[in-house]
Amino acid sequence: MSGLVHLIYSSAATREMSSKDLVALLALAREKNASLDITGMLLFVEGSFLQVLEGDGDAVDALFEHIARDDRHTSVVTIIREPIPRRDFSDWSMGYAQVSAEELASIDGLNDFFQGQGCFDDLNPGRTKKLLKAFNSGRWRSRVATQPIDDQPSVSSPQPTNSLPTERPPVSYAFQPIIDLDDERVTSHEAIELDKTTKLPTTVQRDDPAARTQLQMESHTMAMGLAARLGLSTGLTLNYAVYRCDDAERTMQATVDAAERYGFRPDRLTLELDHDQLLDDPQWFASVLQQQRAFGMRISIDNFGAGRSGHYLIDTYKPDGVALNEGLVRHIETNGARQAIVRGILQTAEDLGIDVVAKQIRDQAEVDWFRSEGVHLFQGALFAEPQFEQLASEVFIPARELT
Ligand SMILES: Cc1cc2nc3c(=O)[nH]c(=O)nc-3n(C[C@H](O)[C@H](O)[C@H](O)COP(=O)(O)O)c2cc1C
């Protein structure tokens, strides 16, 4: 067994496929997939397929290899293959956009996935759902010509700090909410590391990887301990910077241990990567992160669009979210270049089921621009300032609609 994964791909039909053909394909797929303990979903819209396969990694890979050779489709594009904590589908089903009411009624497993009842709405709000939605709205459709188709307890570290090589100022945490304006609720709080005395961001041993690694190992424990003491009930976003691959597993294990100790289920945690401090072997580090993702932890890339934080990080780390760099956000409502860049990022994110958080928001005009582009996750002084060793007592929610 290689662990639970999902693989999502798109492809283009090479021939007309009547509902009869699709039903035959579905019947065969159901039977074979059941024997392999593979679940999923196949959508077919206007000559394009989008399929979700979930199951043991080896079994999914083998089946996918087989399916990819099927000459009934071409232009097979793997959108994502990644570990998942649980299945999205308990059974095999098939969405098909153009079916009649009789067909819907008569064919088990064939359903009008988007317009019909259940199914899409019932899905967990994760990557699969986002990708299915993107497909339904026209993304990932085939571009090849095909035939027409009819149919914490204390703020100080609870672990003894055995061997910090150099002295460092004591640190603590401020918490700043991340808000979902669609739901008008705080989804998570980011723990922001501050110098305990100056209350300014730490610049601790930036040049001393060993010290930084040690601090990294302690810091999540401190942040989670404090968050637990404050009674945090939302998600918790933790910044994660490792400087050496050798340290990645140790630092990650410290985070996992702290989560267990303070009762944070993995799916309440988002690790926000600080790209500028990464690393000699990103691929290997990505595999360490993916192991945690398999338990439900979310991975996000901080300061996206700044410095070395380019789109290639999306390919390497397959994040669940990206947080836009402040430089892209500031006065975006008047800056065409920033708008064009952000539109590109949003498109990429939509195509890959990635959440985008607009951070460091100061003005209503910035919010309005992002809202008009469909962004719903925000953080910044406009909503709530970071509170040192406290959760925000008030969060400003701007007036509704803003188009
Ligand atoms: C878009 C598409 C999706 C498919 N999905 C599956 C599937 O989920 N499971 C499956 O067994 N076969 C699926 N097939 C059919 C396989 O490619 C293949 O025809 C089938 O597994 C029978 O293979 P066999 O004749 O070697 O036994 C799919 C084919 C297409 C074109």
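The values are calculated or read from the model by the stated rules, or taken from the named source; none is laboratory data. Everything numeric in this text was worked out from a predicted model, so none of it was measured. Cβ: placed from backbone, ideal geometry, glycine included. Neighbour counts: every protein chain shown. When the accessible area is computed, the model is the full protein with side chains, heavy atoms only, and any ligands, DNA or RNA have been set aside. Shrake-Rupley method; radii C 1.70, N 1.55, O 1.52, S 1.80 Å.
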Within the range 289-313, the residues that are farther than 13 Å from ASP274 by Cα, crowded, with 16+ Cβ neighbours inside 10 Å and in contact with a helix residue (DSSP H, G or I) (Cβ under 7 Å, 6 or more places away or on another chain) are LEU289, GLN292, GLY296, MET297
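Yes or no: ILE67 open to solvent by less than 40 Å² (accessible area, probe 1.4 Å) and under 22 Å from GLY353 (Cα atoms)?
Judged against the criteria, ILE67 is not a match.
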Looking at the range 347-358, which of its residues are crowded, with 19+ Cβ neighbours inside 10 Å and either among the polar types (S, T, N, Q) or more than 18 Å from PRO386 (Cβ to Cβ) (or both)?
-> ALA349, LEU352, GLY353, ILE354, ASP355, VAL356
The listed residue being modelled with pLDDT under 95, over 22 Å from LEU131 (Cβ atoms) and open to solvent by 20 Å² or more (accessible area, probe 1.4 Å), out of ARG268, ARG261 = ARG261
Out of all the residues in the range 325-349, which are within 28 Å of VAL5 (Cα to Cα) and hydrophobic (A, V, I, L, M, F, W, C)?
-> ILE345, LEU346, ALA349
Residue by residue through the range 8-25, note down the ones that are of a type in the set (A, V, I, L, M) and either modelled with pLDDT of 85 or more or not assigned by TED's automatic domain parsing to the domain that holds ILE79 (or both).
-> ILE8, ALA12, ALA13, ALA24, LEU25
Are any of the residues in the range 359-370 under 30 Å from ILE84 (Cβ atoms) and surrounded by fewer than 17 Cβ atoms within 10 Å (Cβ to Cβ)?
-> no
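Would you point out the residue of the range 85-103, among those that are of a type outside the set (Ser, Thr, Tyr), within 12 Å of the ligand (Cβ to nearest atom) and not in a loop (DSSP other than H, G, I, E, B), that is modelled with the lowest pLDDT?
Taking the range 85-103 as the starting set, the residues that turn out to be of a type outside the set (Ser, Thr, Tyr) are 85-89, 91-92, 94-95, 97-99, 101-103.
When the remaining residues are screened for being within 12 Å of the ligand (Cβ to nearest atom), the result is 89, 92, 94.
Filter once more, so that each one left must be not in a loop (DSSP other than H, G, I, E, B): 92, 94.
On the way: TRP92: 76, MET94: 66.
Restricting to residues being of a type outside the set (Ser, Thr, Tyr), within 12 Å of the ligand (Cβ to nearest atom) and not in a loop (DSSP other than H, G, I, E, B), the top hit is MET94.
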Counting only residues in the range 224-244 that are open to solvent by less than 10 Å² (accessible area, probe 1.4 Å) and more than 22 Å from the chain's Cα centre (by Cα), the one nearest to GLY126 (Cα to Cα) is identified as ALA227
Going through the range 310-324 in order, the residues found to be farther than 15 Å from PHE285 by Cβ and not in a strand (DSSP E or B) are GLY310, HIS311, ASP320
